[in-house]
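Here is the structure we will look at.
Each value in this text was obtained by applying a stated rule to the coordinates, not by laboratory testing. Treat the numbers as computed from the prediction; the structure is a model and nothing was measured. Here the Cβ positions follow ideal geometry from the backbone for every residue, glycine too, while neighbour counts run over all protein chains shown.
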Amino acid sequence: MDPATIVETASTLDCIHCGLCLRTCPTYRLTGIESAGPRGRIHLMRAVAEGELDAGADFAEEMNACLLCRHCESVCPSGIRMGAMMEFTRGGLEAGGGRPWWSRLARWAGFRVLLPSRRLLGLVAALLRLAQKTGAVRLAPLLLGRRGAAAPSLPAVPPASERVPLPARTAAVGEPRGRVSVLHGCVMPVLFGRVNRSTVRVLAAAGLEVRSPTRAGCCGSLHAHNGDLAAARALARKTIAAHEGITDLSGAMAPIVVNSAGCGSHMKEYGELLSDDAEWHERARSFAARVVDFSEHLAACPDEFLDAALAGRSAALAGPVVWDDPCHLCHGQGVRAQPRSLLDRIAGIERVELAESESCCGSAGIYSLLRPEASAAILDERLSALAASGARTLVTANPGCQLQWQTGVRRAGLDVEVLHLAEALDRALADGTPSAP
Amino acid sequence: MDAALLAALGAIVGDDGLIGDAVRRKPYECDGLTFHKRAPDLVLLPENTEQTVHCMRLLCEAGVPVVPRGAGTGLAGGATPLEGGVVVGTARMRRVLEVDVVDRFARVEAGLVNLDLSRACATHGLFYAPDPSSQMACTIGGNVANNSGGPHCFKYGATTRHILGLKIVTPEGEVLDLSEPEVDPTGYDLVGLFVGSEGMFGLATEITTRLVPLPEVTETLLAVFPSLEACCDSVTEIIAARLEPSAIEILDRMTIQAVEASVYAAGYPEQAEAVLLLESEGSAAEVGENVADMRAILVRHGVLEERRARDEHERARLWAGRKGAFGAMGRIAPDLYVADVVVPRTKLRELVLASTRIAHARGLTISNVFHAGDGNLHPNISYDRRDADEVERVLDAGREIMKLCVAAGGSLSGEHGIGLEKREEMELVFDPPSLERMLRVRSAWDRDGRMNPGKLIPVRVCMELRTPPPAPISKARG
């Protein structure tokens with residue numbers, strides 16, 4: 001294999017080997033092994049680029065063990081872009097082959113068939129719910145052996161009434177002062193329809209008219225993180241096209257509000273993803289400039305709208321409340337203060353800080369499915385921090401994190417409710433706004 | 001490596017603690033000094049003293065070289081396995097074992113990250129004083145090996161002043177338990193001897209450290225200067241006036257620009273030629289007086305602007321910028337040579353300028369960020385290790401700078417240790433009898449010279465001593 005297809009040599013030269021990243025890396029903390037930390041991974045990439053090392057199975061394993069949480073980016077004085085480097089390397093490794101047939105088949109089915117299709121996702125969700133209700137899901141490990149082991153721990157699928165898509169238009173409460181476009185997502189409508197609806201309700205309560213283009217589905221972030229860059233680009237083009245026509249009240253392009261940190265972080269980088277695509281590069285850049293996280297957009301709303309919207313019921317959240325920074329919000333998008341300031345607006349809230357709240361919970365997209373043991377071990381450290389905080393409510397802003405924490409809280413027997421920021425704010429909405437179904 | 005030995009070691013540390021494959025061994029080929037690389041034959045990551053003991057016994061029987069490693073943030077090649085052999089890392093030993101709030105000490109495992117120790121005792125109003133710039137990554141064990149310093153060591157002293165006890169696994173795999181806190185060592189001070197031994201005497205697995213009360217008041221000042229010279233001169237005068245700040249750091253223009261482009265941007269003015277970071281600690285009255293006296297000196301030297309950290313957040317930001325400075329130099333070139341010389345503080349200006357001339361004469365890019373209060377200079381030379389000629393020029397410049405500083409009455413290392421980088425220059429500072437005496441001390445700990453071979457003692461001295469010469473005791477310097 002040509003090393004240049006696997007490693008961007010120039011990026012590896014940014015690392016000066018200082019090691020300040022080590023302590024932040026979840027896999028280094030877990031194993032203590034240099035190659036499981038950012039500095040070691042870059043060292044290996046550079047060794048491949050300079051022809052000192054073969055990009056074989058052992059190398060691929062070290063690259064695939066990274067969570068892509070990008071915590072190292074937040075502490076790297078030299079400005080390493082680990083997320084982009086890792087996506088490039090994984091892309092090169094996947095293109096080079098080397099996976100067994102069943103792994104290729106599973107990836108094709110998951111990335112190319114299932115995630116891009118809303119209809120198929122809906123069907124699978126319905127079947128999974130049936131299997132969960134009847135208990136049939138417990139048979140999977142018996143029928144499929146090790147490959148079916150993860151089936152019983154798949155997230156519980158909510159009833160069909162919760163899996164309905166968002167309306168294409170939702171009116172603002174009162175006189176509209178702006179218009180936004182909201183991303184549906186792929187697994188969000190299936191597993192977290194209630195979060196999507198809370199997102200829309202809160203935005204509407206803050207005086208925004210909400211559009212939700214039904215043509216847009218998966219943004220392709222899971223594809224990019226896992227080395228399927230071709231599919232990631234195809235989904236990016238689709239997502240861009242779907243949101244392109246939506247304008248603000250002034251006629252300018254409307255902001256695209258994203259309530260899933262992983263998707264938002266990825267969509268903000270569409271410009272780089274499509275940088276080699278002459279036709280799409282400019283469109284991708286102007287699209288990316290419109291992408292905002294839910295908390296980012298809401299926190300920028302004028303005070304009077306927020307005060308009016310969030311002056312409602314405070315007792316709906318059990319205190320103390322902690323905010324868990326999703327990696328792709330704090331490290332990927334640099335959004336840290338906004339969610340906290342929004343939570344602090346809720347009347348009577350008792351918010352405390354979660355220790356090391358910027359550390360990954362181990363969910364990391366599909367990492368928890370691919371490497372359940374490592375993922376659970378990484379979560380354990382976070383659960384200790386949660387227990388020590390004394391919190392009764394944990395608020396986060398990414399579907400993967402939300403599922404991971406829910407699973408962990410159950411396993412650890414903690415009395416903590418796990419909510420998305422939009423759900424937490426929805427509960428605090430002032431009377432007079434439409435309430436949850 | 002012998003299959004039976006591998007199996008026996010694996011049985012001790014388990015699959016997770018033994019790293020044998022070529023890919024995962026490769027990143028252990030160097031530490032923060034990247035121009036000399038050699039991968040170990042094996043890496044072991046024991047989880048406790050007991051596992052370390054069993055590993056060390058087997059390695060002793062097999063006669064294999066052993067290189068201890070903490071976080072690999074060292075800048076002198078101390079963790080590079082020059083002769084191959086086995087790297088024994090402390091990355092899986094990082095518990096805080098005990099914090100004694102009343103007697104003010106902590107007992108920790110060697111792989112604990114420096115910053116985590118201070119965090120663990122902050123709620124008790126205590127902290128661990130030595131604060132190397134890499135403190136968010138480096139380990140207490142590594143600090144012990146190198147007798148590390150840091151900005152606040154100006155006031156509190158380097159690591160050796162803060163180590164009260166050690167549990168050491170000897171090269172033969174015996175436990176030397178000196179972990180009871182000794183405030184005033186009785187008999188030979190073995191703990192004192194071990195601190196700074198650069199992994200050549202054995203491997204410390206548990207460390208008992210002093211804890212210091214957090215100061216009542218801390219004042220942090222950033223002083224902006226129109227020239228590096230004026231900045232240096234004001235430090236010389238602060239020292240001469242016997243003022244007692246807790247830290248005095250200088251950053252030059254290139255360093256400031258690299259830091260300001262990074263996530264550690266601290267608001268240092270990018271057009272300044274140099275900034276001085278000053279901290280004063282103590283009671284409100286002491287600090288007030290101290291700061292007023294220092295400010296008068298700054299004004300005399302033409303300070304352009306002074307900024308005071310208004311709260312903990314601003315203070316943390318000013319320090320984060322300083323501590324991220326080394327890594328930020330990655331923005332200038334792929335590699336950085338960090339010299340670590342000490343000079344008399346009356347000669348700061350002269351030697352900083354001379355170092356700059358030495359680098360420029362060789363066509364090299366140099367920047368300066370240093371612990372001015374201690375006279376501990378870090379002339380930083382940016383380079384690209386792929387350019388063999390440039391590497392040679394960097395090494396040559398490094399040697400020249402060391403020679404110059406030693407000749408001016410300074411020394412080779414403020415805090416990074418000698419390791420591989422400054423090994424040959426030891427002869428500039430020590431005469432043969434002193435070096436021989438060091439070698440004999442080393443032999444007393446490690447008869448076979450198996451621990452971290454090839455470090456600290458110049459190769460020539462080692463060679464000569466392998467055929468033991470008559471060793472008269474003469475007046476030693478050092």
Original post:
Sorting B:200, B:329 on the 10 Å Cβ count, fewest up front, what's the list?
Top reply: B:200, B:329
Original post:
So what is the relative contact order for chain B, in percent, with contacts set as C-alpha pairs under 8 Å and at least six apart?
Top reply: 15
**OP:** Please order A:267, A:82 by the number of other Cβ within 10 Å, starting at the fewest.
**Re:** A:82, A:267
Original post:
Could you state the number of Å between the C-alpha centres of segment A:288-328 and segment B:106-126?
Top reply: 35
Original post:
Rounded to the nearest 20 Debye, what is the dipole magnitude of segment A:31-91 about its Cα centre when Lys and Arg each give +1 and Asp and Glu each give -1 at the C-beta?
Top reply: 320
**OP:** Determine the alpha carbon to alpha carbon distance for each of A:268/B:26; B:167/B:422; B:26/B:422 and list only those over 26 Å.
**Re:** A:268/B:26; B:167/B:422
Original post:
Nearest 10 degrees, 0 to 90: what angle lies between the long axis of helix B:388-407 and the longest principal axis of chain B (Cα atoms)?
Top reply: 70
Subject >> Shielding of B:335-346 by partner chains, average beta-carbon count, 10 Å >> reply: 1
Original post:
Mind checking the log10 I(q)/I(0) for segment A:165-299 at q = 0.09, 0.12, 0.22 Å⁻¹? Debye, one equal scatterer per Cα, no solvent, two decimals.
Top reply: -0.24, -0.42, -1.36
**OP:** Jot down the radius of gyration and Dmax of segment A:3-95, Cα atoms only, both in angstrom.
**Re:** 11.8, 32
**OP:** Quantify how strongly other chains surround peptide B:180-190 by giving the mean number of their Cβ atoms within 10 Å of each of its Cβ atoms.
**Re:** 0
Original post:
How big is the charge dipole of segment A:165-299 about its Cα centre, in debye rounded to the nearest 20, if each Lys and Arg gets +1 on its Cβ and each Asp and Glu gets -1 on its Cβ?
Top reply: 520
Subject >> For peptides B:165-172, A:375-382, B:77-84, sequence by mean Cβ density within 10 Å, most packed first >> reply: B:77-84, B:165-172, A:375-382
Subject >> All-pairs Cα distance distribution in the protein assembly as shown, expressed in whole percent, bin size 10 Å >> reply: 2, 11, 20, 23, 20, 14, 7, 2, 0, 0
**OP:** May I ask for the distance between the Cα centers of segment B:249-308 and segment B:332-387, given as a whole number of Å?
**Re:** 20
**OP:** Give me a single rounded figure for A:92-102: the average over its residues of other chain Cβ atoms within 10 Å of their Cβ.
**Re:** 0
**OP:** Using only Cα atoms, find the angle between the long axis of helix B:49-62 and the longest principal axis of chain B, and express it within 0 to 90 degrees, rounded to the nearest 10.
**Re:** 60
Original post:
Considering the dipole of the protein assembly as shown built from charges on the beta carbon (Lys and Arg +1, Asp and Glu -1) around the Cα centre, which of A:126, B:191, B:394 is farthest to its positive end?
Top reply: A:126
Original post:
Ranked by Cβ crowding within 10 angstrom, fewest neighbours first, how are B:445, A:102 ordered?
Top reply: A:102, B:445
Original post:
Which whole-Hz ³J(HN,Hα) couplings does segment B:153-163 yield from phi under the Karplus relation 6.51 cos²θ - 1.76 cosθ + 1.60, θ = phi - 60°, glycine and proline marked x?
Top reply: 6, 4, 8, 9, x, 6, 3, 4, 6, 10, 9
Subject >> Whichever aspartates and glutamates have a C-alpha closer than 16 Å to that of residue B:347, once near sequence neighbours (fewer than 8 apart) are set aside >> reply: B:229, B:233, B:237, B:249, B:374
Original post:
If you take the square roots of the eigenvalues of the alpha-carbon gyration tensor of segment A:103-157 and sort them as a ≥ b ≥ c, do you get rounded (a/c under 1.5), prolate (a/b over b/c) or oblate?
Top reply: oblate
Original post:
What is the spread of the Cα atoms of segment B:217-326 along each of their three principal axes, largest first, in whole Å?
Top reply: 37, 30, 20
Original post:
So how tilted is helix B:312-323 from the main axis of chain B? Cα-based, degrees 0 to 90, rounded to 10.
Top reply: 60
